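Everything below concerns the one structure shown next.
What follows is calculated from the coordinates using simple rules that are stated; it is not laboratory data. Please read these numbers as outputs of a predicted model, since none were measured by experiment. Reconstructed Cβ throughout: ideal geometry from the backbone, glycine too, with neighbour counts over all protein chains shown.
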Amino acid sequence: MRYGLLVEQYLLGPEILRQSISGMSDDQLNASPIPFKWSTREVVLHLADMDLIYADHMKRVIAEEEPTLLGVDDKLYGSRLAYDKRDVDEEVRLIKATRRHMGRILRAIDANDFKRKGIHSVEGPLTLADLLQRATDHIPHHAQYIEEKRKALNIGERAIPFHLASVGVMKRLIA
């Protein structure tokens, strides 16, 4: 497998997130237009919190022999980690900085390191490649939900719609 391509996709996550929230006001970020779903602010903060955890898990799998990787209760994080007081732009910058930091590490390791494993407390054995794939997929997964919120709030489309952005991104990566 070409892990370099996956690393590059991982590094594009912050831009996908930035595009998905572009042009949204604080009121729109805080709105919960879909019953029983998080606001866009809560989604972004969830992504920031989980990105730090993914980074920790990946580092531990690289550095340690089959470390235990603890699962988290994302609902508990949302209720206990000041989601109503944190700045969305700062959180997006944190994700970008975390991914740039991890990108340097991931680009420097050998292909065999991506087969190293950690033991997740809920999901069992996970390789570094598994963790990287999950981290890479996390932002695009939630960007779809942000798009639903934009539509529910009648907010205009982003400058580059997500589905077109990802196609362009893939063309650049493959070229």
Task: Evaluated at q = 0.08, 0.09, 0.14 Å⁻¹: base-10 log I(q)/I(0), Debye formula over Cα of the chain - done: -0.26, -0.33, -0.78
TODO: Taking the Cβ of each residue in Thr40, Thr127 as the centre, tally the other Cβ atoms inside 10 Å and list the residues starting with the fewest.
DONE: Thr127, Thr40
- [ ] Give me the number: length gained by fully extending His101 to Arg134, i.e. 0.36 nm times residue separation minus the C-alpha to C-alpha distance, one decimal in nm.
- [x] 10.1 nm
TODO: Please go through the residue pairs Lys37/Lys75; Lys96/Lys151; Lys59/Lys85 and name each one whose alpha carbons sit more than 19 Å apart in this structure.
DONE: Lys96/Lys151; Lys59/Lys85
- [ ] Just grab the label-to-label distance for Glu148 and Asn112, each label 7 Å out from Cα along the Cβ direction, in nm (one decimal).
- [x] 4.4
- [ ] Sort 94-101, 130-137 for me by packing, meaning the mean count of neighbouring Cβ atoms within 10 Å per residue, highest on top.
- [x] 130-137, 94-101
Task: Gained length - Glu123 relative to Lys59, 0.36 nm times residue gap less alpha-carbon distance - done: 21.2 nm
TODO: Give me the number: length gained by fully extending Asp89 to Ser32, i.e. 0.36 nm times residue separation minus the C-alpha to C-alpha distance, one decimal in nm.
DONE: 18.6 nm
